[in-house]
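Right, one structure below, let's go through it.
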Amino acid sequence: MKSYRDLDICQESRQLAIEIHRMTLVLPKFELFEEGGQIRSSSKAVVSAIVEGYGRKRYKQDFTRYLVYSQPECNETMLHLDFLFETGSLNDKALYDDFSERYTRLSKKINSFIQWVDKKWNSFPTSN
C-alpha cells in the first residue's frame, strides 16, 4: 500500500462525497446552503478523516483515532440525507435509497478496517 488512495474505504468515501456534492447542486435554493452545506461538509469529512489518519499511521493510536472520527461523520451524512428526503427537498427515492445503502455499507467497512488495524497492526505497512 503506497498511499491512502489505495484504501478501499478512502476510494469509496471520496466517490460518495463527490456524488453528494453534485446531488446538492440541484436541491431547492433554500436548501443549497443550509442542509446542502451540512451534508457536503460531513460527506467530505468522512474521507478527510481517513486521509488524515493515514498520514498519522506511524502511530497506531492516532491512525485508529482518525478512522474512528470518520464513522460519526458517515452517520452525520446519513442524518442529513434523511432530513433532505423526509422534508421533500430530495424527492428521488431511488437516489436516497442508493446513498443510504452505500453509506451504511461504508460505515461497516470502516468499522471492519478499524478492527483489522487493531488486531493486525504489525501487518500494516507504516512507511510513507
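Between the helical axis of 60-86 and the longest alpha-carbon principal axis of the chain there is an angle of about 10 degrees. Put in order of Cβ neighbour count within 10 Å, fewest first, the listed residues I39, I114, I9 become I114, I9, I39. Here mean projected area of the Cα convex hull in nm² was calculated from the structure, and among (i) 9.9; (ii) 9.1; (iii) 7.3 it sits at label (iii). Restriction of the trypsin sites (Lys or Arg not before Pro) in the range 43-82 to DSSP coil positions whose beta-carbon has at most 12 other beta-carbons within 10 angstrom yields R58.
Sorting S13, S42, S48, S3 from the fewest to the most surrounding beta carbons within 10 angstrom yields S3, S48, S42, S13. Using the rule -39500 (n - 2.57) for each DSSP H run of four or more residues, divided by the residues of the chain, the 222 nm mean residue ellipticity is -26000 deg cm²/dmol.
The long axis of helix 93-120 is offset from the longest Cα principal axis of the chain by roughly 10 degrees. Helix 35-55 and the long axis of the chain differ in direction by around 10°, with both axes built from C-alpha atoms.
Each Lys or Arg adds one and each Asp or Glu takes one away; over the other residues whose Cβ falls under 14 Å from the Cβ of G37, this sums to -1. Within straight-line reach of K93, meaning a Cα separation under 21 Å, sit the following lysines at least 8 residues removed in sequence or on another chain: K29.
Rule-based calculations on the coordinates, nothing more; no lab input. All values reported here derive from a predicted model rather than from experimental measurement. Counting neighbours? That spans all protein chains shown, and the Cβs are built from the backbone with ideal geometry, glycine included.
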